[in-house]
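Written below as structure tokens is the structure these notes are about.
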Amino acid sequence: MKAARILYVIGYGLFGIIAILGEIIWIADPIRIGDYFWIDQMEWLVKLLAAIPFLWMIGAWKLRPERGSKQLVRRIVNWLVQLSSLAAALMILVNAYQLVLIGVALGAAWLFTLLDLTLSERDAGVSWRLRLLRRVVVITATAGILFWPTAYQVTTPGFTFNMNRYAQVEGGAEKGNIEGVLVIDRPAFPIDWVYARMFPHIAISKRDTTQSIGEQLQAAHSQRVGANEVGSAVAFQRVGIGQGIIPTGVYVLAIMKDSPVVDLLKPGDQITAVGGKAVATAAELSEVMSDVAPGKTLNLAIKRDGEELKIAAMTKPSADDAERAVFGIQIEDRVHADLPREVDYRSYLVYQGGPSHGAILALTLIDQLTPGGVTYGNQVAGTGTIGADGTVGLIGGIEQKAYVVWRSGADVFFVPDEQAEEARKGAPALNIVPVRTLDDMLNWLRTHPVSD
């Protein structure tokens, strides 16, 4: 029984150690093995987690009741330890992306090991109550310190990743050295206040608790997919093999309660014309409205469920500017990305999503499709969203991203123009180049070649 208990306890301790290392794993980001970045190596490092349930499974085998034993409950619990541990280990080894299922399996295995250990001590006549209480208190306290989500969020440095491994376009070839960069942004755990004192550039702030963590992850995933499409379409248009981003219309997202059109428009309506002037984008609608006096009634042409309708809509003064006419609605542009070629994207376990790689993705695909490339020997890193017209937009965690890029040894780090000063707080010695557009990035590289 002693050997089995040791294996169980080693598993508990190993889990805590791996959890702590996992929360600060970004520290090792500069490590490279050939063309493989640290983020690539983590794909197999995570499989070390399987050692924990394997230890528990071996411990359960050693602690199993003797054959023919009448201790039915103990035998059932012991088998549950072995089965849940085996399931967790196999899930980790086969597909570590099943985070929720792996967490459930590990949690179940842990509970069963605790119960199995307690029952074996009780049957052996050992004083088990105090031991059980001590284990529960220690494990619960440790888990709370390491994983209890607070009302705060933490932003830590993250990882660089090889953009040519992340995205590969049909008919293109890897040429330049281009890196994307990401930060870790998650709910803050109590231990994060300790990390913030130990390591640089860790920021803790209040977080939005109106959305669940699952909803936030889903939104981030959608943003990543959208950035992939826009970045690819913009890149294709730049090299002359696509039409880029094609506007498909202005749509109503929501209607304010005090809107004069509250009974006329519905979310999902497409506005095709205002005052007899066709509109295809929100910018065009705003331009038409700029000459309208508040209180004036305009004829709107809309599409609803495939049917074309015309309505007379009254305007009202804007809450921000009494001289500006508005309908009291929220609108969005819907667009179609022209993607004449396939792009293969790589998934990363620690990269759940977000739009901040859009600009550097566009640069990467242009580099792959341009004879000789466009980096001119520079080791390039960059961040920023990408607009349909090639504008580079603001992103979060710029200070932490600059610190990560500085540690990677990049020659240049392209950042959104308005965030250059904030980026320099993270890496004063890094060559940070502010840009407004994708063309700014291309022009800088063209005029700053690296000599052989």
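Could you size up the charge dipole of segment 2-147 around its Cα centre, putting +1 on the beta carbon of Lys and Arg and -1 on that of Asp and Glu, and report it in debye to the nearest 20? Before the final figure, lay out the partial values.
Values: 15 positive and 9 negative charges, 211 e Å.
I would put it at about 1020 debye.
Of the listed pairs 47/175; 206/316; 47/206; 277/316; 47/425; 257/303, which have alpha-carbon separations greater than 28 Å here? Don't skip to the end; give the middle numbers.
Details: 47/175 32 Å; 206/316 36 Å; 47/206 33 Å; 277/316 19 Å; 47/425 36 Å; 257/303 22 Å.
In this structure, 47/175; 206/316; 47/206; 47/425 exceed 28 Å between Cα atoms.
Can you show me the helix-derived [θ] at 222 nm for the chain, built from DSSP H runs with n ≥ 4 at -39,500 (n - 2.57) apiece and divided by the number of residues, rounded to the nearest 500.
Rounded to the nearest 500, the figure is -14000 deg cm²/dmol.
Most exposed first by the Cβ proxy, i.e. fewest other Cβ within 10 Å, how do 91, 163, 289 rank? It would help to have the intermediate numbers written out before the result.
Working: 91 22, 163 27, 289 19.
Fewest-to-most Cβ neighbours within 10 Å comes out as 289, 91, 163.
Taking the Cα atoms only, what angle lies between the long axis of helix 51-63 and the longest principal axis of the chain, rounded to 10 degrees?
Between helix and principal axis, roughly 30 degrees.
If a/c stays under 1.5 just call it rounded; otherwise compare a/b with b/c (prolate if a/b is bigger, oblate if not). Do that for segment 139-261, with a ≥ b ≥ c from the square roots of the Cα gyration tensor eigenvalues.
Details: a/c = 3.17, a/b = 1.33, b/c = 2.39.
Oblate, since a/c reaches 1.5 and b/c is not below a/b.
Which is the longest run of the chain containing none of the GluC sites (Glu not before Pro) found in DSSP loop states (not H, G, I, E, B) with at most 15 other C-beta atoms within 10 Å?
Values: sites that count: 66, 170, 323, 342.
So the longest stretch without any such site is 171-322.
Using the charge dipole of the chain (Lys, Arg: +1 at Cβ; Asp, Glu: -1 at Cβ; taken about the Cα centre), state which of 79, 386, 53 has its Cα farthest towards the positive end.
After comparing all options, I get 79.
Cross-link candidates for residue 62: which lysines have Cα within less than 18 Å, leaving aside residues fewer than 8 places away along the same chain?
2, 70
What number, in percent, do you get for the relative contact order of segment 230-316 if the mean sequence gap of Cα pairs under 8 Å and at least 6 apart is divided by its residue count? List each step's numbers first, then the result.
Numbers: 132 pairs, mean separation 20.8, N = 87.
Relative contact order, segment 230-316: 24 percent.
Assuming 0.36 nm per residue, please report the length gained on full extension of the stretch residue 203 to residue 151 beyond their Cα-Cα distance.
Details: separation 52, 0.36 × 52 = 18.72 nm, distance 1.40 nm.
The residue 203-residue 151 span can extend by a further 17.3 nm.
Using only alpha-carbon positions, what ratio does the radius of gyration of segment 245-337 give when scaled by 2.2 N^0.38 Å? Could you put the intermediate results ahead of the total?
Details: Rg = 12.4 Å, N = 93, 2.2 N^0.38 = 12.3 Å.
Compactness ratio reported: 1.01.
Can you figure out the FRET efficiency of residue 321 with residue 443, using R₀ = 41 Å and their beta-carbon distance, to the nearest 0.05? The partial results should precede the final answer.
Numbers: r = 37 Å, r/R0 = 0.90.
Approximately 0.65, to the nearest 0.05.
Between 0 and 90 degrees, rounded to the nearest ten: what's the tilt of helix 438-447 against the longest Cα principal axis of the chain?
In the chain, helix 438-447 runs at an angle near 90 degrees to the longest axis.
Taking Rh as the Kirkwood radius computed over C-alpha pairs, what is the Stokes-Einstein D of the chain at 25 °C in a medium of viscosity 0.890 mPa s, expressed in µm² per second?
Values: Rh = 25.9 Å.
Diffusion coefficient, whole number: 95 µm²/s.
Run the numbers on the chain and let me know its relative contact order in percent, using alpha-carbon pairs under 8 Å that are six or more apart.
Numbers: 832 pairs, mean separation 68.8, N = 452.
In percent, rounded to a whole number, it is 15.
Please say if segment 61-199 is rounded, prolate or oblate, where rounded means a/c under 1.5 for a ≥ b ≥ c the square roots of the C-alpha gyration tensor eigenvalues, and otherwise the choice is prolate for a/b larger than b/c and oblate otherwise? Could the numbers behind the result be given before it?
Numbers: a/c = 4.49, a/b = 1.82, b/c = 2.46.
Cα axes put segment 61-199 in the oblate bin.
With charges set only on the Cβ (+1 for Lys and Arg, -1 for Asp and Glu), what does the dipole of segment 245-337 come to about its Cα centre, in debye to the nearest 20?
Numbers: 10 positive and 14 negative charges, 41 e Å.
About 200 debye.
What is the angle, in °, between the Cα long axis of helix 99-123 and the longest principal axis of the Cα atoms in the chain? Nearest 10 is fine, range 0 to 90.
Helix 99-123 sits roughly 20 degrees off the main axis of the chain.
Of 314, 132, 18, which is farthest towards the positive pole of the chain's charge dipole, taken about the Cα centre with +1 and -1 on the beta-carbons of Lys, Arg and Asp, Glu respectively?
In the chain, that residue is 132.
Placing unit charges on C-beta atoms (Lys and Arg positive, Asp and Glu negative, everything else neutral), compute the dipole magnitude of the chain about its Cα centre in debye, rounded to 20.
Values: 41 positive and 45 negative charges, 600 e Å.
That gives a dipole near 2880 debye.
Every number in this text was worked out from the coordinates using simple rules, so none of it is lab data. In this text, all values refer to a predicted model and were calculated from it rather than measured experimentally. Positions of Cβ are generated from backbone atoms using ideal geometry, with glycine treated the same way; all protein chains shown enter the neighbour counts.
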